[in-house]
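Colleague: Okay, handing you the structure first.
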Amino acid sequence: KISSFFPPKGCVYYGSFRKDRIDYFKKYLSHASMTLSTHSKNVDKFKNINPDISNVVPRISWSGKGLSFFKSSLYIEDVTTHDNYNHLANRVYEALNYDIIPLFDVSCSNTLKLSGLTNYEDFVIESPDDIKDKQTLKVAPEWHDYAMNSREKCLQEFKNIIQA
């Protein structure tokens, strides 16, 4: 659990180790502006592909303040998802819930385009050096509407499946 005195940091990537994201882990996670939040069993996997990763914290506690310790979160996806649209991942909605800025690696551009999310261009980054410049962005109000509409659509789809 991240303690209550944990100071707000720049950008966080949180989650498990995924082999199909190794290039992105190498690209971002050793940068000073990045924090990695993961289960302790994953730390060695990350360090094996990038021994320069130094800012590692325990996995985010969702029963506590979760993402509120960070200004932004990094959104990366598996390489196969770049060409095979599979909706935006939960981490976008989690970031919006905490009013945290989701930053998207440029490789996710096709997913963003197909998602229906609008005005995302300023939130796309090409390198870790872009992160610092993005920390003052404000999430567009329509993103919260997008999230609520997506939630309602998903709930309706579940309802239709259950009633079928």
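The values are calculated or read from the model by the stated rules, or taken from the named source; none is laboratory data. These numbers come from a predicted model, not from an experiment. Here the Cβ is made from the backbone with ideal geometry for all residues, glycine too, and neighbour counts use every protein chain on show. Only protein heavy atoms, including side chains, enter the accessible area calculation; ligands, DNA and RNA are left aside. Shrake-Rupley method; radii C 1.70, N 1.55, O 1.52, S 1.80 Å.
Colleague: Please specify each residue of region 83-109 satisfying the condition of being at pLDDT 90 or above and loosely packed, with under 14 Cβ neighbours inside 10 Å.
Modeller: Val106 - this is the single residue of region 83-109 that is at pLDDT 90 or above and loosely packed, with under 14 Cβ neighbours inside 10 Å.
Colleague: OK, next. When region 109-118 is examined, which residues are found to be more than 16 Å from the chain's Cα centre (by Cα) and without any contact (Cβ under 8 Å) to a residue 24 or more places away in the chain?
Modeller: Selection gives Lys113 alone.
Colleague: Being among the small types (Gly, Ala, Ser) and farther than 19 Å from Asp83 by Cα is the filter here, so list the residues in region 102-136 that pass it.
Modeller: Selection gives Ser127 alone.
Colleague: Output the strands (runs of 3 or more DSSP E) that fall wholly within region 47-134 and possess 3 or more residues being within 15 Å of His31 (Cα to Cα), or say none.
Modeller: Hits in region 47-134: 70-75.
Colleague: Mind counting the residues in region 138-164 that are assigned to a helix (DSSP H, G or I), open to solvent by 80 Å² or more (accessible area, probe 1.4 Å), of a type in the set (D, E, K, R) and within 18 Å of Val92 (Cα to Cα)?
Modeller: Residues meeting the conditions: 4.
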